[in-house]
Structure formats: structure tokens, C-alpha cells
2 protein chains.
Amino acid sequence: MAESGEEKGGALVVVGSVAIDTIETQADRAPEVLGGAATYFAAAASFFAPVRMVGVVGSDFPEADLDWLRRRGIDLAGLEVRAGRTMRWTGRYHEDMNVRDTLSFEANVFDGYLPTLPAAYCEAPYVFLANIAPELQTRVLDQMRSPRLVGADTMNLWIETARDELAALLRRVPLLIINDEEARLLSGERNVVRAARRILDLGPTSLMIKRGEYGVLFFSGNSVFSAPAYPLEEVFDPTGAGDTFAGGVMGYLAATGDVSPAGIRKAIVYGSVVASFTVEAFSLERLRALTRDDIERRYRQFVSLTSFDVA
Amino acid sequence: MAESGEEKGGALVVVGSVAIDTIETQADRAPEVLGGAATYFAAAASFFAPVRMVGVVGSDFPEADLDWLRRRGIDLAGLEVRAGRTMRWTGRYHEDMNVRDTLSFEANVFDGYLPTLPAAYCEAPYVFLANIAPELQTRVLDQMRSPRLVGADTMNLWIETARDELAALLRRVPLLIINDEEARLLSGERNVVRAARRILDLGPTSLMIKRGEYGVLFFSGNSVFSAPAYPLEEVFDPTGAGDTFAGGVMGYLAATGDVSPAGIRKAIVYGSVVASFTVEAFSLERLRALTRDDIERRYRQFVSLTSFDVA
């Protein structure tokens, strides 16, 4: 993220899981609903920029969901449809919605999947490697010609089981977007600032640490930016909040091409805005009804949520 | 907090505990150091406004500490010195410094203490009822002539054991400053926004919910303000962070008399600034060396920590 100032935007490639989720909260249950990190990311980013999705689904994946993604302007040329079942995830949230248990996980058609990008994708200036094995993230990155900005996510599993592959990947990822637990595990530091300093020594020049209902901290060089989460009276389903945050961030950056410090701060607020809508309903339901006007309105609410006078 | 705009400031009365603490962290231990909610509050507020302290200490209380408080311009006419031992508290912080255990507590001279205000205190326009039994907080409030702004804190113990007295007090407290755990217990709501709505039905028109390293949420009418905590590489001792936050808030409000929404937001940031210094060393050590310039410098860092462009 060495460049700065307004530049031309462009298409955004995302690779990651596309899944069918079953989600249980204390209040309700949503069986067999649209899920997956790449799905949430792409839907969020599609409010800002042209998105090109890379992933795999089974032959059971609902055509209606594919249609909806296409109607959102998401290019699905990179989404393979393989014989078999789509990835399945079942999770249950505690009363404290910051905590959830995975009740079951089936990789299904994702097992053995090797992402291959359509030729047109390789020229895209923006790419996001959502949470999948670092080996697969690397494979995608290798296929990109010369992306202007590479963002990535990861998870505890890869930090613990694929450390070397992840380390090699991180040296090629200028923007890492992970949550606080992952930041602690990756850095070995409990304190979030020290964790960030360590991670910025691993390759990324910019780091966004997602803290759920407490918002996001952004570290780059010696600069720190803190964005709150939007205070909601009701969180129906936190699933995908982090992925839609990343989607909003990368989508805004891809749309504007503005990766200056000020541009990135705006992108973080847009990401927070989209994430705040995501959790208002199960799965991607709230995003289906969302408009760009809704987003702009809540962006202004973030301004009033955080503004105070200079001394 | 019905008034708004710039008004004349004035003196700030605080009542609460004055104690000798023994603090253990994972890294270090500070035996028999200055502590107590009123002490932290008064020291913080004294950077902004004239403070008048109400409390009790034993004959063992260090003269050097009294001298330091006086040098900070804190009026100690309301601080009784009784034969016996000063209140003692011993606490141990977990590796996660958001969690601590009380290892021992002795009320000592605080046992049976009934706060009585020097006549001059009763005219003060600002008063803060730090965390003591609601019955004692009420007793102090009853002695105030016609305060312009009343702030208060409380704790789980009183919410659980003195609910009625607390409820009666809250109807007379326009500004409540408590932490998230207390807000949940007081409201019976886990969600912080719903908790705030419930508490604003109990009497206070303004509510600040302290969330430790995650900052503060401020609720008043339909307005919400989110202030982050200052991201620190090292938190040595979180003791007194909440009390110095409240001290900074009330001190700034007392100094300026500006209880407008904009004035309160600035006060919250000043409170956050002082709290961020407090945790940089054991006990009140960091505040002993603190200057108003340090405070103004960090206030500007809060501006850069939180600023982003309007869309």
C-alpha cells in the first residue's frame, strides 16, 4: 500500500468458501441458508465495485442464490460447479454472541479443490484472499498478473497447522484483515498493539484487526485508526460480519482506487457500515434488501457516532 | 443535563473511597500504594477544575499522599482522618487485564462512616458520587444546595444488595457513569444498546458505559457517541482507569460549564485521555508526573485516532 492519492478503480477478485450454513442463535434457527466467506465478501463488495468470485459449489447449490449473486453484478465465471454437495457449516451462537461453537463442518466439494482463475480475472487490480488454506490463497495470488492491492484473511486453523505456508504468503500480502483472536495467535502477543507491531513485521504493511461488537483497529506504519462497530439494539446473526467488513473495505478501495491513509479510513467505515447491516438478519438476508442509500445514511450515522471537536 | 452551551464553571465535589491498595499483575506487584475511587477521580479532575474531596482515611494514611493531593489543588477539608486503619484492598489481575480478583478487602475506618460536607462544599455546582453505598451517596446529595450537574457511579454489589436505595438515587442522578458489566446487571439486558435504553428509563438522562480497553459509549436521548480507548503497547495497572475517566469527564465539565452535547463529547475524550495515562503505571504514579501539555497532546492523538472524512 505504498501508493497514495486518488487512482482509477477496478475489478476485485475474491477467492474463498461458498457454503450452505445452518445457524442457531439463542432466539432462532436458520437451516440451510446461503453462507461462506467469499459469498459474504462478494455481496458486500458488490455495493461498490465489480466483483469476480472464485470458489466451488456442489450441484445442490440453489440456482436462486446464483441468480441473486449475478444480479448483484458479481461475475461467477470463476465459481466452479462440481458434482456433489456444497460445503456445509453448522454453528451455534452463545447468549454472548461474540462466542460460537461449530457443531458440524463438511468440506464436501471443497475437498481437493484447486482454484483456477478465468483468464480475465488475472488482470484485476484488486484481489482478496478470504479465509482458506494459505496454499490455495498462494495459488490464486500466483495467477494474478500484477495486482495493485492484495488483501487477505486467515484463521486459527491455518495459523496452527500451516504456519510456514502462511508466513510465505504474508510476505506477499500488503493488507491483512483478521480478528483479535487470530492476531493474538499469529503474534503470540495478548496486547493488541504489540500484536499488531509483530504482525507488521511479518510482511503486511497494513493490518485491520476486527473486534466484533467493539469495532476495528487499523495499523499502518506508526498510524492507528479506531472505528467503532455501529451500536445495534439487536444482533440477529453475527455470521459474515467480518467477511462483509472486508468486502466493504476492499470494494470501496477497488471502486475509488484511493489507497491513501484517508481513503483507507473511509473504506474501513464503509466496511463497518456493511457489517452492521449484515448482522441485522440471518445469513445474507439484510444485504438482499440493502441499498446504496442505506449505506450512505449509516455512514453519516458513523460520523455522528464518532465526532468530537478538536480541543 | 437539560442546560446547554457555555456556562461558567465551578468547583467539583467528589465523595468515595480513599484507600491503600496492594496490586498484583502478572508482571509485578505494588504493595500498599495510594488507591480508592475518590482519590483517582480527584487526581484526574484536578487537572481541569477545583476539586473538593469527601471521604475518610485512618491515622496510618501517609502524610506525603495528603500533601500531594493538596499540591494538586484538591481541597481536603471534607476528608476526615479517623483513628484506625485506612480502607485496604488487594487485587490481582489476570493475564487478560480486563479480569481481576479481589484477594482481600477491609473497610476499616470506612465502616460506619457517614459523610458530612463542610459548609463551603454544599454550594458547589458539580458533584460526583463515586462508588459507595447508595445510602451514603444519597446522604451527600441531600447536603448539596442545588448542584448544576450530578454524576454517579455504582457497582455490582449495590445493584444486587441495595437495589431500592440505588433506584431512588438514580432518579436524582442525571449522569450515570458505569462499566458494561454493571450496565448489564442493572438493566438485565446483555445488549449494550438495550441496556442503555433501560437505564435511561430509571432516571439518568445521560449514561456513559465504560468498556475498558474498548473505550466508552455515551447515550443521551437518541444520540450515541463512541470513544475508543487509547491503544497502548503496555497496560501496567488498570486500577483506577474508570475512576480517572469519570474524573476527567466531570473535571472538564466543571471547568468549562459546557454541558452541551459537544461539550460532553469533549469531556469524554478528556476522560479517556486521563484514563489512558493512569494505566501506564501502578497506582496514581503516572498522574503524579502528568502535565496539562501531556493531556492536550494525547487529546490530539485521539483526534487522529478517530478521524475520517465525511462521505
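Results for (1) within 28 Å of B:Val303 (Cα to Cα); (2) aromatic (Phe, Trp, Tyr); (3) in contact with a Cys (Cβ under 7 Å, 6 or more places away or on another chain), shown as yes or no for each residue.
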| site | (1), (2), (3) |
| --- | --- |
| A:Phe245 | yes, yes, no |
| A:Val249 | yes, no, no |
| A:Phe277 | yes, yes, no |
| A:Leu284 | no, no, no |
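Condition test on A:Glu296, is it at the interface with another protein chain (Cβ under 9 Å from one of its Cβ atoms), among the charged types (D, E, K, R), assigned to a loop (DSSP other than H, G, I, E, B) and surrounded by fewer than 22 Cβ atoms within 10 Å (Cβ to Cβ)?
No: the conditions fail for A:Glu296.
Please enumerate the residues belonging to region B:159-181 that are in contact with a Phe, Trp or Tyr (Cβ under 9 Å, 6 or more places away or on another chain) and either acidic (Asp, Glu) or closer than 22 Å to B:Gly215 by Cβ (or both).
Within region B:159-181, B:Glu165, B:Leu175, B:Ile177, B:Asp180 qualify.
Return yes or no: is A:Arg190 out of contact with any Lys or Arg (no Cβ under 9 Å at 6 or more places or on another chain) and of a type in the set (Lys, Arg)?
Judged against the criteria, A:Arg190 is not a match.
Please verify whether region A:195-209 includes one or more residues that are more than 15 Å from A:Ala152 (Cα to Cα) and among the hydroxyl-bearing types (Ser, Thr, Tyr).
No, region A:195-209 contains no residue that is more than 15 Å from A:Ala152 (Cα to Cα) and among the hydroxyl-bearing types (Ser, Thr, Tyr).
Of the residues A:Ala281, A:Ala262, which single one is within 23 Å of A:Arg211 (Cβ to Cβ), modelled with pLDDT of 95 or more and within 10 Å of chain B (Cβ to nearest Cβ)?
Of A:Ala281, A:Ala262, the one residue that is within 23 Å of A:Arg211 (Cβ to Cβ), modelled with pLDDT of 95 or more and within 10 Å of chain B (Cβ to nearest Cβ) is A:Ala262.
Assess whether A:Asp293 counts as being under 27 Å from A:Gly16 (Cα atoms) and out of contact with any helix residue (DSSP H, G or I) (no Cβ under 7 Å at 6 or more places or on another chain).
Details: under 27 Å from A:Gly16 (Cα atoms): no; out of contact with any helix residue (DSSP H, G or I) (no Cβ under 7 Å at 6 or more places or on another chain): yes.
No, not satisfied.
Looking at region B:131-184, which of its residues are hydroxyl-bearing (Ser, Thr, Tyr) and more than 18 Å from the chain's Cα centre (by Cα)?
B:Ser146, B:Thr161, listed by residue number.
Run B:Arg286 past the list (1) in a helix (DSSP H, G or I); (2) under 23 Å from B:Gly9 (Cα atoms); (3) more than 13 Å from chain A (Cβ to nearest Cβ) and report the number of the one that doesn't hold.
Answer for B:Arg286: the failing condition is (2).
Considering only residues that are over 22 Å from A:Ile268 (Cα atoms) and buried (at least 16 other Cβ atoms within 10 Å of the Cβ), which ones fall in region A:154-171?
If the condition is that a residue be over 22 Å from A:Ile268 (Cα atoms) and buried (at least 16 other Cβ atoms within 10 Å of the Cβ), then A:Trp158, A:Ile159, A:Ala162, A:Glu165, A:Leu166, A:Leu169 are the ones that fit.
Under 7 Å between Cβ atoms, which residue pairs at least 6 apart in sequence (or on different chains) link something in region B:284-311 that is over 17 Å from A:Arg265 (Cβ atoms) with a partner that is of a type in the set (Gly, Ala, Ser) and part of a helix (DSSP H, G or I)?
From region B:284-311, the pairs are B:Leu284/B:Ala43; B:Leu287/B:Ala43; B:Leu287/B:Ala44; B:Arg298/B:Ser276.
Any residue that is in contact with an Asp or Glu (Cβ under 6 Å, 6 or more places away or on another chain), among the polar types (S, T, N, Q) and surrounded by 16 or more Cβ atoms within 10 Å (Cβ to Cβ) - is there at least one of those in region B:131-139? If you could, list the steps in order and put the result at the bottom.
First, pick out the residues of region B:131-139 that are in contact with an Asp or Glu (Cβ under 6 Å, 6 or more places away or on another chain): B:131, B:134-135.
The next check asks that each one be among the polar types (S, T, N, Q); those that pass are B:131.
From what is left, the residues that are surrounded by 16 or more Cβ atoms within 10 Å (Cβ to Cβ) are B:131.
Yes: region B:131-139 contains one or more residues that are in contact with an Asp or Glu (Cβ under 6 Å, 6 or more places away or on another chain), among the polar types (S, T, N, Q) and surrounded by 16 or more Cβ atoms within 10 Å (Cβ to Cβ).
What about B:Glu95, is it at negative phi, touching a strand residue (DSSP E or B) at 6+ places or on another chain (Cβ under 6 Å) and either of a type in the set (D, E, K, R) or touching a residue at least 40 places away in the same chain (Cβ under 8 Å) (or both)?
Against the criterion (at negative phi, touching a strand residue (DSSP E or B) at 6+ places or on another chain (Cβ under 6 Å) and either of a type in the set (D, E, K, R) or touching a residue at least 40 places away in the same chain (Cβ under 8 Å) (or both)), B:Glu95 does not qualify.
Checking the structure you have, find out if any residue of region A:84-93 is farther than 21 Å from A:Gly242 by Cβ and surrounded by fewer than 19 Cβ atoms within 10 Å (Cβ to Cβ).
The answer is yes; a qualifying residue exists.
From the list B:Ala183, B:Ala133, B:Ala195, B:Ala167, pick out the single residue that is farther than 29 Å from B:Thr256 by Cα, within 13 Å of chain A (Cβ to nearest Cβ) and free of Cβ contacts under 8 Å to residues at least 40 places away in the same chain.
B:Ala195
Residue check, A:Ser223 against (1) touching a helix residue (DSSP H, G or I) at 6+ places or on another chain (Cβ under 7 Å); (2) touching a residue at least 60 places away in the same chain (Cβ under 8 Å); (3) not charged (D, E, K, R), all met but one. Which one?
(2)
Taking the condition of being of a type in the set (Ser, Thr, Tyr) and within 20 Å of B:Leu129 (Cβ to Cβ), how many residues in region B:251-269 meet it?
Selection size over region B:251-269: 1.
Of everything in region B:210-239 that's within 20 Å of B:Ala27 (Cβ to Cβ) and of a type in the set (Val, Ile, Thr), which residue is nearest to the other protein chains (Cβ to nearest Cβ)?
By that ranking, first place goes to B:Val235.
The values are calculated or read from the model by the stated rules, or taken from the named source; none is laboratory data. Everything quoted here is computed from the prediction, not taken from an experiment. Cβ sites come from the backbone with ideal geometry, for glycine too, and all protein chains shown count toward neighbours.
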